[in-house]
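Comments concern the structure below.
The values are calculated or read from the model by the stated rules, or taken from the named source; none is laboratory data. Just so you know, these numbers come straight off a predicted model, no measurement behind them. Every residue, glycine among them, receives a Cβ derived from its backbone with ideal geometry; neighbour counts consider all protein chains shown. For accessibility, only protein heavy atoms count, side chains too; no ligands or nucleic acids. Shrake-Rupley method; radii C 1.70, N 1.55, O 1.52, S 1.80 Å.
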Amino acid sequence: MNILGVMSGNSCDGLDLCDVDIEIDSNYNLSYKIKQYSTIPFLEHEKKFIHTVRENEKYKIKENETKLTTIFIDKIRMFSSLEHLDYISCHGQTVSHIDKVSSLQLFDAKQCYDSLGIPVIYNFRNNDIKNGGNGAPLMPFLDWLLFSDSIKDVVTLNVGGISNISHIPKSKLKDEVQGFDTGPGMCLVDMACRRFFHSSYDNDSKFSNQGRVDKKILNELLNLPLIKKDPPKSMDINDFGVDIVNQISTSNSKLDNHDILRTLVEFTVESIHYNIYNFIKLDRCKFDLVVSGGGTDHPLVKQGLTERGYRVKSVSKFGIDSSTKEAFLMALLGASKVLNLKSNIPTVTGASKYVTLGEIYAG
């Protein structure tokens, strides 16, 4: 079936779109052909709107959901012709996430269907939550399928707004797959860039490269309960909000802003390392760390992982472009819903059982 996977992450840089011809059978044998993919950047006013829609629960205002869905529809139309598509599978924009309680992705499936005339698959987290899970992360399902032929353990790392990892054991048993969020990806770094340097992000580490790590601040950050919490666990950028940046700046008024930013980059790297070391517990020479997400392009993030002894490989070496992996995941979850295949992983989310994820709106 031809599915358009649509994903907007916490960084709000743009809308990821992946047009894929995908088939998956009842034994979870996956075959696919990616026809086209792209990230269409959000305009500055769109990006500002998406960032601010979380504030004071503005996402509860229906007009804001309509506006955000219209932005998505416009990007989908810009991406490609739609006549060949069987489904659009859209994650929506996460505006609230509380482990085992609720997860809200802002997106109006009916509005999308009425506008484009293509059945829409959406709402991928709630059924897992209804069955006692966190509803996140979702990526380990795709990683399990992608690396099912590996003869050794594989650990994947995705660094977006939040960082998350998957461990696909060499046994390839679904019941032994691990996956969880480790802490911030680039959300704190991006917030600091906006506050201190009036820039959306730390392009090519041009700001952080001018700073030094403050060990005292780093250790305080690493002691945050979510970093050391045992999995299963998932996180939201609200867990690492602008208050952290403001508090660091206020409490360390004599510290150069470049040092604060460099420390936040180190926090991302060290929290990833802490979680792999303490919860995956594999000898670093016995597995590949397969990375994806915009944060893994940051020079100091890559350098930090390499210096800690990880054998870092881009997911692009395995046939999936890093920039399209999350949108491809949405297409896969959509196909699984259409075929009534169970696509959560209870060892990852903490759910009581395997369930299908998503809903379909077709008028």
Within the stretch 53-64, of all residues that are open to solvent by 50 Å² or more (accessible area, probe 1.4 Å) and not in a loop (DSSP other than H, G, I, E, B), the one modelled with the lowest pLDDT is Asn56
The residue that is surrounded by the most Cβ atoms within 10 Å (Cβ to Cβ), considering only those in the stretch 108-165 that are of a type in the set (Phe, Trp, Tyr) and within 24 Å of Tyr277 (Cβ to Cβ), is Trp144
Filter the stretch 166-183 for residues that are touching a residue at least 24 places away in the same chain (Cβ under 8 Å) and open to solvent by 20 Å² or more (accessible area, probe 1.4 Å); the one that is nearest to the chain's Cα centre (by Cα) is Gln178
Flagged in the stretch 319-357 as of a type in the set (Gly, Ala, Ser), touching a Phe, Trp or Tyr at 6+ places or on another chain (Cβ under 6 Å) and either part of a helix (DSSP H, G or I) or more than 18 Å from Asn158 (Cβ to Cβ) (or both), in numbering order, are Gly334
- Message: Please verify whether Ile50 is of a type in the set (Val, Ile, Thr) and either at positive phi or surrounded by 14 or more Cβ atoms within 10 Å (Cβ to Cβ) (or both), treating the condition exactly as stated.
- Response: yes
Among helices (runs of 4 or more DSSP H) completely within the stretch 205-279, the ones holding 1 or more residues that are of a type in the set (Ser, Thr, Tyr) and touching a Lys or Arg at 6+ places or on another chain (Cβ under 9 Å) are 242-251, 257-275
Picking from Ile244, Ile272, Ile276, Ile280, the residue that is touching an Asp or Glu at 6+ places or on another chain (Cβ under 9 Å) and in contact (Cβ under 8 Å) with a residue 40 or more places away in the chain would be Ile280
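Residue-by-condition table, conditions (1) in contact with a Cys (Cβ under 6 Å, 6 or more places away or on another chain); (2) open to solvent by 20 Å² or more (accessible area, probe 1.4 Å); (3) basic (Lys, Arg):
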{"position": "Phe267", "(1), (2), (3)": "no, no, no"}
{"position": "Lys313", "(1), (2), (3)": "no, yes, yes"}
{"position": "Lys325", "(1), (2), (3)": "no, no, yes"}
{"position": "Thr349", "(1), (2), (3)": "no, no, no"}
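Touching a residue at least 24 places away in the same chain (Cβ under 8 Å) and either under 15 Å from the mean Cα position of the chain (by Cα) or part of a helix (DSSP H, G or I) (or both), is that true of Val291?
When the stated conditions are applied, Val291 passes them.
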Scanning the stretch 95-107 residue by residue, the ones that are open to solvent by 50 Å² or more (accessible area, probe 1.4 Å) and under 23 Å from His51 (Cα atoms) total 3
Filtering the stretch 1-24 for residues that are open to solvent by 50 Å² or more (accessible area, probe 1.4 Å) and within 17 Å of Thr324 (Cβ to Cβ) leaves a count of 2
Of (1) surrounded by 15 or more Cβ atoms within 10 Å (Cβ to Cβ); (2) touching a strand residue (DSSP E or B) at 6+ places or on another chain (Cβ under 9 Å); (3) free of Cβ contacts under 8 Å to residues at least 24 places away in the same chain, Lys67 satisfies every one except (2)
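Residue-wise test of (1) at pLDDT below 90; (2) part of a loop (DSSP other than H, G, I, E, B); (3) within 30 Å of Pro232 (Cβ to Cβ).
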{"residue": "His51", "(1), (2), (3)": "yes, no, yes"}
{"residue": "Leu68", "(1), (2), (3)": "no, no, yes"}
{"residue": "Asp74", "(1), (2), (3)": "no, no, no"}
{"residue": "Leu82", "(1), (2), (3)": "no, yes, no"}
* Yes/no for Gly92 being closer than 16 Å to Ser234 by Cα and either within 23 Å of the chain's Cα centre (by Cα) or open to solvent by 20 Å² or more (accessible area, probe 1.4 Å) (or both) -> no
Does Ile280 meet the test of being farther than 19 Å from Leu221 by Cα and open to solvent by less than 40 Å² (accessible area, probe 1.4 Å)?
yes
Given the conditions (1) over 21 Å from Lys47 (Cα atoms); (2) surrounded by 14 or more Cβ atoms within 10 Å (Cβ to Cβ), every one holds for Met186 apart from (1)
Of (1) assigned to a helix (DSSP H, G or I); (2) in contact with a strand residue (DSSP E or B) (Cβ under 7 Å, 6 or more places away or on another chain); (3) at pLDDT 95 or above, Tyr310 fails just (1)
Exactly one of Leu305, Leu339, Leu332 is buried (at least 20 other Cβ atoms within 10 Å of the Cβ), aliphatic (A, V, I, L, M) and closer than 30 Å to Gly117 by Cα, and that residue is Leu332
Within the stretch 25-40, residues loosely packed, with under 12 Cβ neighbours inside 10 Å and assigned to a strand (DSSP E or B) come out as Ser31, Lys33
